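Everything below concerns the one structure shown next.
Read-outs throughout are calculated quantities, based only on the coordinates presented, and are distinct from any laboratory measurement. Just so it is clear, the model here is predicted, and its values are computed rather than measured. Backbone-built Cβ (ideal geometry, glycine too); neighbour counts: all protein chains shown.
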């Protein structure tokens, strides 16, 4: 097993976002704890894969465990600079695992290779989505066997989770549906081009991250721009749980391009693509085009939904993602129920 190397020294003076060089707000306050109903349970464990271990946070209800009909389970794949706790937020209305479990689904949030408790390669540049893809296939196989779920539904966010969901969409034997948000297809905004896809970042990353094997430590202010539309409690939770050591593979992948980072025409399972009208990463029409291109080679169902009051991270934003009846969750849960 090749374990992730933890750098002994990081340059604390550098405030560097892995997706951009950003000026973010400082978070204040303490995340509010959310009570878990007695019929909903959560556990975390490590799965052994061919490349190391993957950390999983599993949430389920008594009803889901007792179900006689085919069980349903959702694999929640995070973006490039967040971990499994990004989904299982202990903030009322924003705990994805709890929301899904309450509707009868098993929910599996994971740390991607090299993140959190999941081991990864020594060189953080190699943790691209092509590296992560076979690992996620192994994870799906093990989770399906563990909980006797014929196929998993896959939800992904951002330039890692969303891309992996697309790449997994060809695995019809493993995957039942895919869905994504906070996604980018072919047309980034000028802000994204300047901040996240600027070739000059390569030289900066090489200079700063080479001594630490291309793993960088994030700090709370770097998340400010992305959670600006979230409640104070979600901001505080993010500040407390998400800063950590992250590999740079997906960032190099995005900068090196070209777009798109995955071919949507390979899709063989029903898909949902959500875009927030206030998103600052993808241009208007970009995700709609993704939905139109998805599964062209296989004539499968593809749904595009625009969330009028949603931003880039609509699932955790106060106007679009608070609770199961919010625009985000109503859209996703309706899609799951229909497919």
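Given 0.36 nm per residue, what is the gain on full extension from residue 338 to residue 62 after removing their alpha carbon distance, in nm?
Details: separation 276, 0.36 × 276 = 99.36 nm, distance 2.26 nm.
Between residue 338 and residue 62, full extension yields an extra 97.1 nm.
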Please order 167, 66 by the number of other Cβ within 10 Å, starting at the fewest.
-> 66, 167
Listed with the fewest Cβ neighbours within 10 Å leading, 144, 320 appear as 144, 320
Of [x] 21.1; [y] 19.9; [z] 20.4, which is the value of Kirkwood radius over Cα pairs in Å derived from the coordinates here?
-> [y]
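What is the order of 287, 149, 208, fewest Cβ neighbours within 10 Å to most?
Working: 287 27, 149 22, 208 16.
Ascending number of Cβ neighbours within 10 Å: 208, 149, 287.
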Given all pairs of distinct Cα atoms, region 83-241 yields a Kirkwood Rh in Å of 17.6 Å
Under a point spin-label approximation (7 Å from Cα along Cα-to-Cβ), what is the residue 173-residue 186 distance to one decimal in nm?
-> 3.2 nm
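For the chain, what does the helix formula give at 222 nm: sum of -39500 (n - 2.57) over DSSP H segments with n ≥ 4, over the residue count, nearest 500 deg cm²/dmol? Before the final figure, lay out the partial values.
On the way: 10 runs with 96 residues, N = 339.
One gets -8000 deg cm²/dmol as the mean residue ellipticity at 222 nm.
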